[in-house]
1. To the nearest 10 degrees, how steeply does helix 150-162 sit against the main Cα axis of the chain, on a 0 to 90 scale?
2. Under the Kirkwood approximation applied to all pairs of distinct alpha-carbon atoms, what is the hydrodynamic radius of the chain in Å?
3. Please give the length that would be gained between Glu128 and Arg178 if that part of the chain were fully extended, namely 0.36 nm times their separation in residues minus their C-alpha to C-alpha distance (nm, one decimal).
4. Show that you can apply the helix-only estimate: for the chain, add -39,500 (n - 2.57) for every DSSP H stretch of four or more residues, divide by all residues, and state [θ] at 222 nm to the nearest 500.
5. Once you've got the GNM for the chain with C-alpha springs shorter than 10 Å, pick whichever of Asn147, Asn131, Asn104 has the biggest mean-square fluctuation.
6. Quote the relative contact order of the chain in percent (integer), defining contacts as alpha-carbon pairs under 8 Å separated by 6+ residues.
7. Taking 0.36 nm per intervening residue step and subtracting the Cα-Cα distance, what contour gain separates His250 from Leu30 on full extension?
8. Once the Cα atoms of helix 241-256 and of the chain are each reduced to a long axis, what angle between those two axes, in degrees from 0 to 90 to the nearest 10, is obtained?
Amino acid sequence: MDYKPHALLEEPLKIHVRPTHLHESLRMYLGYLVLGLICLSVTLLAFPMRGLLPRALSKRLGRRLVTHTTRAYLHFLTRMGACRFDLSALDVLRDGPAMVIAPNHPCLLDAVMILSRLPGAACIMKAELVNSVFFGAGARLAGYIRNTPLRTMVQLGVDDLTHGSHLLLFPEGTRTTRFPVGAMQGTTGLIAKKAGVPVQTVFIETDSGFLGKGWSLLWTPRMPITYRVRLGKRFDPPRDTAQFVCELEHYFQSELAHAQVPDFPVKAPPA
């Protein structure tokens, strides 16, 4: 048999590309663009509202503005086929008493999902987000709380709870870094203890690592991505903070051990 050194060059190059990959990339970048436009719109509304209205009124209107805009954004993601959301379990909390809302934290959309259903909720956020150009004006209008300094964060969180608000606080302190849930901090129990309020656990389940810890904004996930929120146990106001943190972490680990959540840290999606 004659050997043809250039036979491989004569064969057409076969590149395997998922047919839907381009559509998924377009939907992802469109989602980023719309989020940016929403943040810009909220910023333009936030400055005059905060400057002209009494603080209590501007905070209340700011939180409702966040709820309406986040709900509209999730609806947009659903309509264009990027995501599927099942958030109805949160609705029973809307008119409930003051409590700490304590979810796991698999991705950057977690706070968006919960705030879209709880219009009066306060939220503890990383200080760099509250100070950022992108999210800062809306966060400050809504009276969201920086996570530093610790003493001030605890004091402001307790104050919001004593006025009847829900307080969204991720016990892990950051997005999940290990399966199924990361190590938990003591601030959840400390604030709940000082305010004398219960801690409502919330489980966020997803079939994708999209926007999880270590996910690059340039990676395109398989779509639609599914998100489901379910309520867990409601703990009584803690008496011993250290014991409560251990109990809370054990509870999350047992509840999420067999749930539909991605591995952590997340990896790049298959090509």
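1. 70
2. 20.1
3. Working: separation 50, 0.36 × 50 = 18.00 nm, distance 2.34 nm.
Here the segment from Glu128 to Arg178 would lengthen by 15.7 nm.
4. The helix contribution divided over the chain gives -13500 deg cm²/dmol.
5. Asn131
6. The normalised contact order for the chain reaches 23 percent.
7. On the way: separation 220, 0.36 × 220 = 79.20 nm, distance 3.90 nm.
Extra length available between His250 and Leu30 comes to 75.3 nm.
8. Result, in degrees: 40.
Read-outs: derived from the displayed coordinates by stated rules, not from any lab. Just so we're clear, the structure is a prediction, and the values are computed from it rather than from any experiment. Heads up, the Cβs are rebuilt from the backbone with ideal geometry, glycines too, and the neighbour counts pull from every protein chain shown.
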